Number of protein chains: 2
Amino acid sequence: MRAEVITVGDELITGLVVDSNSAYLGRRLTELGFRVVRMTSVGDGPEEIRIALQQVSSDVAVVTGGLGPTPDDRTKEVFAEVVGRRLVLDEEVLEGIRKRFAHRGMEMPRSNVRQATVPEGSQVLPNRWGTAPGLHVKADGRHFFLLPGVPREMRGIFEESVVPILRKLSGRAINFVLLRTTGISESALCEKLSDLDLDKVAFLPGLEGVDVRVMWEEGEDPTQLIEEIRRRAGQFVYAEGEEGMEEVVGRLLKRRGWRIATAESCTGGLVGHRITEVPGSSDYFERGVVAYSNRAKVELLGVPEELIRRHGAVSPQVAKAMAEGVRERTGVEVGLGVTGIAGPTGGTPEKPVGLVYIGVATPEEVRVKEFRFVGERSQIKFRASQAALDMVRRAVS
Amino acid sequence: MRAEVITVGDELITGLVVDSNSAYLGRRLTELGFRVVRMTSVGDGPEEIRIALQQVSSDVAVVTGGLGPTPDDRTKEVFAEVVGRRLVLDEEVLEGIRKRFAHRGMEMPRSNVRQATVPEGSQVLPNRWGTAPGLHVKADGRHFFLLPGVPREMRGIFEESVVPILRKLSGRAINFVLLRTTGISESALCEKLSDLDLDKVAFLPGLEGVDVRVMWEEGEDPTQLIEEIRRRAGQFVYAEGEEGMEEVVGRLLKRRGWRIATAESCTGGLVGHRITEVPGSSDYFERGVVAYSNRAKVELLGVPEELIRRHGAVSPQVAKAMAEGVRERTGVEVGLGVTGIAGPTGGTPEKPVGLVYIGVATPEEVRVKEFRFVGERSQIKFRASQAALDMVRRAVS
């Protein structure tokens, strides 16, 4: 079945906001077995909305935005006109909106009454995250879903109310698995898998690494393919599903009952920031030191001045000393040290921008690795943080 | 004049990639004085591309993607068919592609010859960032611009070759100014400005704060309006233009010849990470401490245990002690302390999730402020980092 997405809002077509709703819906519709044929964004003007709605040619159209209480929210009115339905007041919806305001000790502004009108024959999709409900309307043999534009509300209603309807419509149960890899390039990964049937496989490269997505329909059995990919990608696979590297590392540390302390130079605090993005990370993250200056490396981590003088601050020796220093001074099980040249200046022919050394010290061993990252400053910082967390993952698991 | 954007690629409509090209082009076309009426994304299939091209109804259409050397890149072929032009080989383009490969010591693959064909009557727009050139074709009274989908190449060709053509077409010279504010809500800011003529003003709220954009056409004089907004928004304005808070803070520190050291708890290293996103930040960022545990606060910052016991780790007293501690121990001019509850757990009725105390110590004074941020963990962390940098900005300037 064919599907399309229409997003409404002046902020989208004037580029004030990047349209994340379209990408989200495109991905979910694909996963639900629909062929997404197009996405359209139009401004708040009724004429533009009308044309976009009239040009719908798919079995399913998901329309987001323009359901708010202000006069420039016109999606519902234009839609009712295009499909030839009257707008009627839905008492239940009105009561719901009133209650939301009452809950916050406020009276409902009159302008919100408009949000309680629905095209005749609509199925109301409850909005537990805001005031404008979603709507499901069957018209001209097509299924229209009207959803608010606020991403949190849109996603909430979509997952809770739209997905069950779409599953029935699609009749195809599409499943997928995500194998997340890091430390290996897309081409090297492709090469490892080149003799496999990759029809159902997508490679999604990003700053975190390359995600491998395997999709299959009900009745197909991808177990062998997935197993084979997993086997060949080996230690490069850090997660299955949507889990991020920081969550994986947190889970492994918890399982082992180990705590970690970080000593960062070129990443400037990014590793600590990422570790603490995970709720409950205070259970295993004891402290971090951002030793940006050489003096800080000496004072806070006990890196010998002589070592810095002889090998330079960006060296395997200093990465190792940072990892060991922060581990010993803190008394935790895992110490991490990161030192490198994030650029754009500070590089030399021997030590170019992107050169990073990472050390990990555990009760079992100390490992140091050299990396050469490409990209701009913030990309190099992020890639270094990902490699650092990956080394922790390997050392702890 | 009306303009529209068409982006081509299966990766867009299946949501593997968020379409940043559309937002970029929407913003730039608006700034160049065009009324953007719609944006369309379609897959790589020729039928979908054809329909999208046939439905173009604007004076200008910018089409990106599908110009690569592989068989699924079909934009140019479909376009030539839709506007009834033959594809002809452009020797100059071919030579350029050949040279690019030669430069890397490679022979040009045969598949790249296709990239050197252009619809008859095209103006070739050089691509100094990749192989596929951009094309400008006048057909059916409209201007079509075909550009590669790789953002870097698209932006390069757009800025270098398309913008000069669009400026002439538009005839309107649109200017704009961005006033970036933080620490004030959109509604409070609107209220401060409510009696002004806000026709040319857009409020763009985001995690960093509320950006105020003033646009005007040649011949109009917005000086007074901008001055008045600047005056009323006062200290809430942290930047003009695209500059980020971390750059502003870096610039101010440099001007003053002051260095900074950070002591973070709930932000987990994010403040250090943001400071070090700026090239050259090693000139003024001496070190950072992520004192996640109470023990780290005592050991690394000299926060008295008694103070933590009496007031709790999340308290104005501890924020102050962290700022003073890191400043004194490091011997720099500015010390920053951040402590709070990022959630989702750890909150109490007296100290709810989102409560954050920030202290800034300078040679002149020590300031501590209480904040109550809303949102999820990572939003609270980011808002806290923004408020912390803003306090540094105010203390240093």
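Each reported figure results from applying straightforward, stated rules to the coordinates on display, with no laboratory input. Predicted model only: the values in this text are computed from it and were never measured. As a convention, Cβ positions derive from the backbone with ideal geometry for all residues, glycine included, and neighbour counts pool all protein chains shown.
Please give every one of the lysines within straight-line cross-link reach of A:K320, meaning a C-alpha to C-alpha distance under 17 Å, and leave out same-chain neighbours fewer than 8 residues apart. The reachable lysines, counting only those whose Cα sits under 17 Å from A:K320, are A:K297, A:K369.
Other protein chain C-beta atoms within 10 Å of residue C-beta, averaged over B:255-264: 1. In plain terms, the C-alpha convex hull of the stretch B:250-318 casts an average shadow of 4.9 nm² when viewed from every direction. The alpha carbons of the stretch A:245-396 give a radius of gyration and a Dmax of 14.1, 43 Å, in that order.
Scalar couplings 3J(HN,Hα) for the stretch A:269-274, obtained by applying the Karplus form with A = 6.51, B = -1.76, C = 1.60 to θ = phi - 60°, are x, 5, 5, x, 4, 5 Hz; x denotes Gly and Pro. The alpha-carbon atoms of the stretch B:1-138 define a convex hull whose volume equals 117 cubic angstrom per residue. Remark on the stretch A:113-268: hydrodynamic radius 19.5 angstrom, per the Kirkwood mean of 1/r across alpha carbon pairs. Axis-proximal residue of chain B for the rotation onto chain A, reported as residue and distance in whole Å: B:G269, 2, based on Cβ position. Reported to the nearest whole Å, the Cα centre-to-centre distance from the stretch B:321-397 to the stretch B:88-145 is 54. For the stretch B:343-349, putting each phi into the Karplus relation 6.51 cos²θ - 1.76 cosθ + 1.60 with θ = phi - 60° gives couplings of x, x, 9, x, x, 10, x Hz, in residue order, rounded to whole numbers and with x for Gly and Pro.
In the protein assembly as shown, the alpha-carbon atoms span a convex hull of 184 Å³ per residue.
Projecting the Cα positions of A:Y292, A:V177, A:G346 onto the charge dipole of chain A (unit charges on Cβ atoms of Lys, Arg, Asp and Glu, taken about the Cα centre) puts A:Y292 furthest along the positive direction. Between B:S187 and B:D199, the distance separating the two model label sites (each 7 Å from Cα on the Cα→Cβ line) works out to 2.8 nm. Compared with the rule-of-thumb size 2.2 N^0.38 Å for a compact globular protein, the stretch B:208-265 has a Cα radius of gyration ratio of 1.50. Separation of the stretch A:1-68 from the stretch A:288-303 is 51 Å, based on Cα centroids.
Put a point 7 Å out from Cα along the line to Cβ at A:G257; what are the distances to that point in the other copies, in nm, shortest first? So the label point of A:G257 gives 5.6 nm to the other copies.
Inter-chain neighbour count for A:43-55: the average number of beta-carbon atoms from partner chains within 10 Å of each residue's beta-carbon is 2. Of the DSSP H helices in chain A, those that are both long (alpha-carbon extent of 27 Å or more along the helix axis) and hydrophobic (Kyte-Doolittle mean at least -0.5) are A:377-396. Between identical copies, the spacing of A:R232 label points, each set 7 Å from Cα toward the C-beta atom, reads 6.4 nm from nearest to farthest.
Given a cut-off of 31 Å, name the pairs among A:K381/B:K99; A:K99/A:K138; B:K76/B:K168; A:K254/B:K351 whose C-alpha atoms lie farther apart than that in the structure shown. The answer is A:K381/B:K99.
Shown for A:H311, B:H273, A:H103: other C-beta atoms within 10 Å of each C-beta, ranked fewest to most, produce the order A:H103, A:H311, B:H273. From least to most packed, judged by other beta carbons within 10 angstrom and beginning with the fewest, B:K381, A:K192, A:K168 follow the order A:K168, A:K192, B:K381. By other beta-carbon atoms within 10 Å, ranking A:R377, B:R383, B:R251 with the fewest at the front produces B:R251, A:R377, B:R383.
Shortest first, A:P205 label-point distances to identical copies amount to 3.9 nm, with the label point at 7 Å from Cα along Cα→Cβ. Multiplying each eigenvalue of the alpha-carbon gyration tensor of the stretch B:174-240 by 5 and taking the square root yields semi-axes of 19, 12, 11 Å, largest first, rounded to whole angstroms. For chain A, the mean residue ellipticity at 222 nm estimated from helices alone is -11000 deg cm²/dmol, where every DSSP H run of n ≥ 4 contributes -39500 (n - 2.57) and the total is divided by all residues, rounded to the nearest 500. Working from Cα pairs under 8 Å separated by at least six residues, relative contact order for the stretch A:174-240 is 50 percent.
Annotation: chain A has a Kirkwood hydrodynamic radius of 24.5 angstrom, from the mean reciprocal C-alpha pair distance.
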